[in-house]
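Asker: Please find one structure pasted underneath; my questions will follow.
The values are calculated or read from the model by the stated rules, or taken from the named source; none is laboratory data. Note that the coordinates shown come from a computational prediction; the quantities given were computed from them, not determined experimentally. Here the Cβ positions follow ideal geometry from the backbone for every residue, glycine too, while neighbour counts run over all protein chains shown.
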Amino acid sequence: MQLPSIDSNDSDISFSFNELTGAIGDSITVLPIVVAIAVLTDLSLVLMLIWFGFFQIVWGIYYGAPISIEPMKALAALILAGTITVGETLIAGLMLGLIFLVVGTTRSLMRVKKYIGSPVVRGIQFGVALVLLETGFQLGIQDLQMAGVATAVALLLIVLGYFNLSAITVFLIGLVIAFFYAGLPSITLPTVEGMFMIDWPTFSSLEAMTAQLAMTLGNSILATSVLLHDYFGKDASLDELSSSIGIMNLFSIPFGAFPMCHGSGGVAGKYTFGARTAGANIILGLGYIAAALFLVDIIVAYPVSMLGIILLIIAFQLGLTSLRRTESYFFVIFIGIFGFVVNLGIAFVAGVVMYLIFNRYK
């Protein structure tokens, strides 16, 4: 894995209030999924949060930018639906880790980049925005009263010109409510009960791996690389992103982590709410680790309807970005809607084929 060149601006790390609000913007795309996985499966919330925190810090410092670390969403959706078991999910994540490490270290992604047009990547971004929009809506309607409070607070702050304060304000109000229901926090130490739960590969795990493979390539690597350049002027190569995804999964999954990847939604969340440096990653990483040790009971009690409202804000920002930075509006919207309705991985493959055909015969 080749280290990127670092200039004087790359080494700047800020811990300003904007970095804090940006960190909150990223956590909103992670916490609802991770908490749901912990509640519905045997995976340990403590271990999952510790690993998310650890790699937030590691990759934030390495890339010198507010990069995101997120759960692999296709695997998360399948395990939450009961389609695959915990063991099948983890072995799928390990196989993906090996694939992405090999692809990244052999620089295979850089060689095929020329066949993947920017409109395809923008279409995947738009599809992710639609997925986040749906998730935010579904979470929001679970408790209309809580969602109403969150919406009113966010809209008031946005109208007053304090857009960056909307996320942290809603978050803090929700935290107070969670404290009320859960009571005072207690220390929770990690145990081995959530480790070493990997099964041998099955047909279901191979299916899950294939679905996630395309989504990770389109959203976690290609779209993330584009957003890091658009938002922060950072040139993270496709092979570097692939390698870092491989490393963190091979290193952590046996010890209780849920399969992880980078993600354009989390990068958009950080940017939308103010993050501009890797300081946001350090704040969020330490926050995840502290939450794992002291606030697990509070996180489980957090009103998810409030998280849903913030997801809607992030989805809006990501969708606008995908449309503002392309001239192929119809193509981007079509791929996004197709990915939302069918599957983001299938949409990515279809988009690549369509793009190559259009360019060949235009």
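Asker: So which residues in the range 70-88 are under 20 Å from S264 (Cα atoms), touching a residue at least 24 places away in the same chain (Cβ under 8 Å) and either assigned to a helix (DSSP H, G or I) or among the acidic types (D, E) (or both), if there are any at all?
Answerer: Matches in the range 70-88: E70, K73, A74, L75, A76.
Asker: Here's another thing I want to ask about it. Here is a list: P185, P201. Which entry is at pLDDT 85 or above and either of a type in the set (K, R) or assigned to a loop (DSSP other than H, G, I, E, B) (or both)? Reasoning before the result, please.
Answerer: On the way: P185 fails: at pLDDT 85 or above.
Residue meeting the stated conditions: P201.
Residue-by-condition table, conditions (1) at pLDDT below 85; (2) of a type outside the set (S, T, N, Q); (3) farther than 30 Å from V46 by Cα; (4) touching a Cys at 6+ places or on another chain (Cβ under 6 Å):
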{"site": "R276", "(1), (2), (3), (4)": "no, yes, no, no"}
{"site": "G287", "(1), (2), (3), (4)": "no, yes, no, no"}
{"site": "A301", "(1), (2), (3), (4)": "yes, yes, no, no"}
{"site": "M306", "(1), (2), (3), (4)": "no, yes, no, no"}
{"site": "I310", "(1), (2), (3), (4)": "yes, yes, no, no"}
{"site": "T321", "(1), (2), (3), (4)": "yes, no, yes, no"}
{"site": "F331", "(1), (2), (3), (4)": "no, yes, yes, no"}
{"site": "F334", "(1), (2), (3), (4)": "no, yes, yes, no"}
{"site": "N343", "(1), (2), (3), (4)": "yes, no, yes, no"}
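Asker: Among the numbered criteria (1) in a helix (DSSP H, G or I); (2) out of contact with any Ser or Thr (no Cβ under 9 Å at 6 or more places or on another chain); (3) not β-branched (V, I, T), which one does L155 miss?
Answerer: (2)
Asker: Which is closer than 16 Å to A268 by Cβ and at pLDDT 80 or above, of V121, V131, V102?
Answerer: From the options V121, V131, V102, the qualifying one is V131.
Asker: Quick one: how many residues across the range 313-353 are in a helix (DSSP H, G or I) and free of Cβ contacts under 8 Å to residues at least 40 places away in the same chain?
Answerer: Total satisfying the criteria: 7.
Asker: Filter the range 200-258 down to the residues that are under 20 Å from V131 (Cβ atoms) and polar (S, T, N, Q), then identify the one that is surrounded by the fewest Cβ atoms within 10 Å (Cβ to Cβ).
Answerer: The qualifying residue surrounded by the fewest Cβ atoms within 10 Å (Cβ to Cβ) is T210.
Asker: Considering only residues that are out of contact with any helix residue (DSSP H, G or I) (no Cβ under 6 Å at 6 or more places or on another chain) and hydroxyl-bearing (S, T, Y), which ones fall in the range 35-94?
Answerer: Within the range 35-94, Y62, Y63, T83, T85 meet the criteria.
Asker: Please find, among I91, I67, I57, the residue that is buried (at least 18 other Cβ atoms within 10 Å of the Cβ) and outside any helix (DSSP H, G or I).
Answerer: Just a single option satisfies the conditions, and that option is I67.
Asker: Output the residue which, of all residues in the range 155-174 that are touching a residue at least 40 places away in the same chain (Cβ under 8 Å) and polar (S, T, N, Q), is nearest to A280 (Cα to Cα).
Answerer: N164
Asker: Is it the case, given these coordinates, that Q145 is loosely packed, with under 15 Cβ neighbours inside 10 Å, among the polar types (S, T, N, Q) and farther than 26 Å from G336 by Cβ?
Answerer: Answer is yes for this residue.
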